[in-house]
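> Starting off with a structure, shown below.
The values are calculated or read from the model by the stated rules, or taken from the named source; none is laboratory data. Note that the structure is a prediction, hence the values are computed from the model and not measured. Don't worry about glycine lacking a Cβ; one is built from the backbone with ideal geometry, like all the others, and counts go over all protein chains shown. Please note that ligands, DNA and RNA were not included when accessible areas were found on the heavy atoms of the full protein model with its side chains. Shrake-Rupley method; radii C 1.70, N 1.55, O 1.52, S 1.80 Å.
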Amino acid sequence: MARWIIQRPQEHSHPAEVRVAEQLRELDDKWTVIWGYYYADKRGTEREGDFLVIGPAGGMLVLEVKNSLPRWFSATGRWEGEHDNPINQLMDEWSAVVGIVKSEDLPTWVAKALCVPGEEAPLEQETVQGLQRSLLVLGNDLADWLPRVWFRLFDWRVEFPVPLADQERLLNRFGASIDPKNTRSFLDHTEELFQRQLTHRFQLLDQLSGNRQLLVCGGTGTGKTWHAIEQASRYASSGKSVLFLVYNLALTTQLRRLIGMRKLENGSITVMGWEELFLQLARVDGDQMIPPEDDPAALREFYEQTLTGKVRALLDQPETHSDWPQFDALVADEAQDQDTAWDSTANGGWWDAYRALLHEGSESPASIFYDPAQRPPFRDPDRFDAADLRSGWSQPAHVRLQPALRYTRPLWSFFQQHRHPAINPMLDALGRGDHLPEGPEPELHSIDDGSALSKVEEIIARWKSDGLCRPDEVLILHRESSIQASALGDTRVIGGHNLRDVLEESDGAIRHTSINKAKGLDSRAVILIGCEPISESLSDFDAYTWFMGVSRARQLLAVIESSKP
C-alpha cells in the first residue's frame with residue numbers, strides 16, 4: 001500500500017475525496033499520497049488543496065477533486081454551481097506548487113488534473129461538459145491508474161525515476177510533521193474502512209437469503225461474528241425467536257451488549273454461551289448441577305463430561321425436557337468449538353440438543369459460522385467434523401468467506417513472518433495482504449522479570465500521545481488464566497487508568513482478559529503479555545495461543561515476550 005500523509009481530517013472531506021482515497025489505497029509502497037496540503041494563491045491567501053501524489057517515476061501530481069462535473073452554459077458564459085471555471089482553481093494550485101518546487105530547487109516535474117470520480121468518458125473524447133478531457137481524471141481512469149492517469153499525464157517523463165532522497169525532500173516540504181490529530185484521523189478512517197468493507201460483504205447474506213440453512217466457513221478476521229449478528233437480526237426482523245449460541249464467555253458478554261444496542265421491531269434474539277445453556281437444560285429435573293470452584297481440572301471435567309452427559313441422557317427422556325425453551329431459528333458462532341460427537345461412537349454431539357430446542361428441528365432456519373483451523377489443540381479434534389455438522393441439517397448451503405479484511409498490511413506481514421506448523425493453516429487462510437490498509441508497525445519487546453507493568457504503561461502512554469488510540473481502546477491479553485498470575489500481577493490501575501476484565505462494565509477503562517478467553521473478540525489496539533517467541537520448537541498449544549492473541553488486534557499490536565513458559 002502507498003505511504004500516506006493525511007493532513008485533512010476525515011470529517012472535513014467530501015464523499016468524492018473519500019472515494020478517490022479508497023482508489024489510491026490500491027497503489028503499492030513505491031507511491032506516496034498526501035491528502036490535504038497548503039499553498040498561497042496569487043493574493044498571498046493560504047489555501048488548501050486535495051491530493052498530491054508522488055510517484056516512483058515521473059514526478060508529482062496535483063489532484064483537485066470535485067463531487068460532480070459542473071456544466072458550462074455558453075449563452076451566459078457561467079459555470080453551473082461554480083463562481084468560475086473549475087480548471088482555474090486547479091491552475092492556481094498547480095502554479096503555487098510549481099512555484100514552491102522551483103524556489104526551493106526541488107527536482108521533480110509537476111503534473112495536474114481535475115478528478116471527478118463519479119463521471120466517466122472515453123480518453124479520445126476532446127471535451128467533457130466544456131472541459132478539456134486531457135485535464136480530467138474520471139472514474140474509469142482511476143480504475144486503471146498507470147496507463148490512464150500516470151503515463152498519460154507525465155508522458156515521456158515516466159522514463160525518469162524519482163530517487164528516494166528526492167521523494168523525501170518533497171515529502172518534507174509538502175507533508176506535515178507527525179501530528180497526533182492527523183494520526184488519529186488516519187486510524188479512524190481505517191476503522192471506518194473496515195466497517196464499510198464488512199457491511200458491503202453483507203450482500204452475501206442478501207444473495208443467500210433464499211437458503212433456509214447456511215454453513216459459513218471463514219478464517220481469522222473474515223467477519224464471521226459480524227455476519228452472525230447481521231443474520232440473527234434478519235431472522236428476528238421477520239418475527240422469529242432466535243437462539244444465538246456462542247462458545248466463549250467473553251464473546252457472549254460482548255454480543256449481548258451489541259445485540260442489546262439494536263432496536264428490534266420484531267422477533268427476539270437470545271444470546272447464550274453453551275455452558276449456561278446446558279446448565280439450564282440439565283436443571284429441568286431439579287438437579288442444581290453446581291460447577292466446582294477453584295479447581296480448573298475438575299471444572300473442565302464437569303462441563304465437558306458430567307454436564308454434557310446429563311444433557312445427553314435427558315435427550316432420551318422427552319418427558320423430562322418438555323420445559324426446555326423453544327426457538328424458531330438458530331445462529332451459532334465459533335461452531336468449531338462445539339462438539340459434533342458425544343464420544344467416539346456417537347455423532348450428533350451438542351448439536352442434537354440445539355436442534356431439540358428448535359420448533360422444526362433439523363428443518364429449522366439456521367446459520368452456523370465456523371473455522372476448523374481455530375479449534376484449540378487442547379480440544380479433542382475428533383469431536384468436531386464439518387461433514388457431521390452438515391449431515392444434521394435438512395438443506396444446508398455451504399459458504400466460504402473471502403480472506404481477512406480486519407487487519408492492516410503491517411499486521412498481516414507480522415503474522416506471516418511468525419510461522420509454525422500449528423498455525424500455518426490459519427496464516428494461509430488470511431490470503432494476500434497487498435489489498436490491506438496501511439498502519440503502524442507491530443512492536444516486539446523482551447523484558448526483564450518485574451518490568452512488564454512499566455513497559456505496558458509506557459506503551460499505552462506513547463500510543464495515546466501519538467494519537468494512535470485512547471487507553472480505553474486497548475485490550476491487554478495475558479497467557480495466564482487470571483491477571484493476578486500474569487506478569488502484571490494484581491493491579492487494577494495502569495498509568496492512571498482503571499484496568500478491568502472484559503466481562504465487567506468498562507466504560508473508559510483499559511480492558512484485559514486471558515488469551516484463551518478472548519477468542520472471537522477484537523480490538524483496535526492489543527498488548528500481548530507472557531507468550532514465548534514463536535519458534536519451530538514451540539509446542540502446538542503455545543503457538544496457537546500466541547496467534548489467538550496477536551490476531552485480536554486490528555491496527556495496533558505490542559508483544560511483550562517472555563523467555564519462560
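> At a 1.4 Å probe radius, carbon and sulfur cover how many percent of the accessible area of the chain?
Of all accessible area on the chain, carbon and sulfur atoms account for 48 percent.
> Still on this structure, I have one more. Per 10 Å bin, what percent of the C-alpha pairs of region 113-174 does each bin hold, from zero upward?
For region 113-174, the pair-distance distribution reads 20, 40, 28, 11, 0.
> Given only helices, namely DSSP H runs of n ≥ 4 each adding -39500 (n - 2.57), what is the per-residue ellipticity at 222 nm of the chain, to the nearest 500 deg cm²/dmol?
Theoretical 222 nm ellipticity from helices: -9000 deg cm²/dmol.
> Suppose we take every Cα in region 192-304 and form the convex hull; what volume per residue is that in Å³?
Cα-based convex hull of region 192-304, divided per residue, equals 161 Å³.
> Using R₀ = 41 Å, calculate the FRET efficiency as 1/(1 + (r/R₀)^6) where r is the Cβ-Cβ separation of residue 156 and residue 68; round to 0.05.
Working from the Cβ atoms, E equals 0.80.
> At a Förster radius of 41 Å, what calculated FRET efficiency corresponds to the Cβ-Cβ distance of residue 448 and residue 29, to the nearest 0.05?
0.70
> Please list, by residue number, every one of the trypsin sites (Lys or Arg not before Pro) in region 413-510 that is coil in DSSP and has at most 15 other beta-carbon atoms within 10 Å.
Those satisfying the criteria are 419, 432, 492.
> Can you give the extra length, in nm with one decimal, that the chain gains between residue 481 and residue 104 once fully stretched, where that is 0.36 nm per residue apart less the Cα-Cα distance?
That works out to 129.8 nm of additional length.
> Next question. What is the spin-label model distance, in nm, from residue 206 to residue 541 if the labels are put 7 Å beyond Cα along the C-beta direction?
If labels sit at residue 206 and residue 541, their model points lie 4.7 nm apart.
> For the chain, what log10 I(q)/I(0) values come out of the Debye formula at q = 0.08, 0.10 1/Å, with one point per alpha carbon and no solvent?
With no solvent term, the Cα-only Debye profile gives -0.67, -0.94.
> Follow-up question, since we're still on this one. Using 0.36 nm per residue, how much length does the chain from residue 402 to residue 470 gain when fully extended, once their Cα-Cα distance is taken away?
21.4 nm
> Also, quick follow-up: How big is the shadow of the Cα convex hull of region 427-565, averaged over all directions, in nm²? Can you show the working numbers first?
Details: hull surface 34.9 nm².
Here the figure is 8.7 nm², rounded to one decimal.
> Solvent-accessible area of residue 445, probe 1.4 Å, all protein chains present, reported in Å² to the nearest ten, please.
40 Å²
> Right, here's the next one. Per q in 0.13, 0.21 Å⁻¹, report the Debye log10 I(q)/I(0) for region 311-392, using one uniform scatterer on each alpha carbon and no solvent.
Those come out to -0.42, -1.02, one per q.
> Give me the extension gain from residue 380 to residue 424: residue separation times 0.36 nm, minus the current Cα-Cα distance, reported in nm with one decimal. Show your work: numbers first, answer last.
Values: separation 44, 0.36 × 44 = 15.84 nm, distance 1.93 nm.
The span from residue 380 to residue 424 would gain 13.9 nm if fully extended.
> Starting from the eigenvalues of the Cα gyration tensor, five times each then square-rooted, give me the equivalent ellipsoid semi-axes of region 79-153, largest first, whole Å.
24, 18, 9
> GluC sites (Glu not before Pro), restricted to region 282-348: which are DSSP loop and have at most 14 other Cβ atoms within 10 Å?
293
> What's the center-to-center distance, using Cα atoms, between region 222-237 and region 89-105 in Å?
The distance from the Cα centre of region 222-237 to that of region 89-105 comes to 51 Å.
> Cα atoms only: what Rg and Dmax, in Å, come out for region 369-500?
19.4, 57
> If the cut-off is 20 Å between C-alpha atoms, which aspartates and glutamates fall inside it for residue 455, apart from same-chain ones fewer than 8 positions away?
441, 443, 466, 472, 473, 480, 490, 501, 532, 561
> Within 10 Å of each candidate Cβ there may be at most 13 other Cβ atoms; applying that plus a DSSP loop requirement, which trypsin sites (Lys or Arg not before Pro) in region 166-247 survive? Write down the numbers at each step before the final one.
Numbers: sites: 169, 173, 181, 184, 196, 201, 212, 224, 234, 240; in loops: 212, 240.
Loop-located and lightly packed - none at all.
> How far apart, in nm, are the 7 Å Cα→Cβ label points at residue 125 and residue 313?
Roughly 7.7 nm, to one decimal.
> Further question on the same structure: Please report the accessible area of residue 188 (heavy atoms, 1.4 Å probe, ligands and nucleic acids excluded) in Å², nearest 10.
Near enough 50 Å² of accessible area.
> What is the log10 of I(q)/I(0) for region 251-375, computed with the Debye formula using one identical point scatterer on each Cα and no solvent, at q = 0.21, 0.23 Å⁻¹?
Log10 I(q)/I(0), no solvent term: -1.49, -1.62.
> Same structure, new question: Considering the dipole of region 105-261 built from charges on the beta carbon (Lys and Arg +1, Asp and Glu -1) around the Cα centre, which of 247, 229, 149 is farthest to its positive end?
247
> Could you calculate the FRET efficiency of residue 356 with residue 266 from 1/(1 + (r/R0)^6), where r is the beta carbon distance between them and R0 is 30 Å, rounded to 0.05?
Efficiency at R0 = 30 Å is approximately 0.75.
> Please tell me which of these pairs span more than 21 angstrom C-alpha to C-alpha: 263/519; 224/517; 66/102; 181/519; 66/181?
Result: 263/519; 66/102; 181/519; 66/181 exceed 21 Å.
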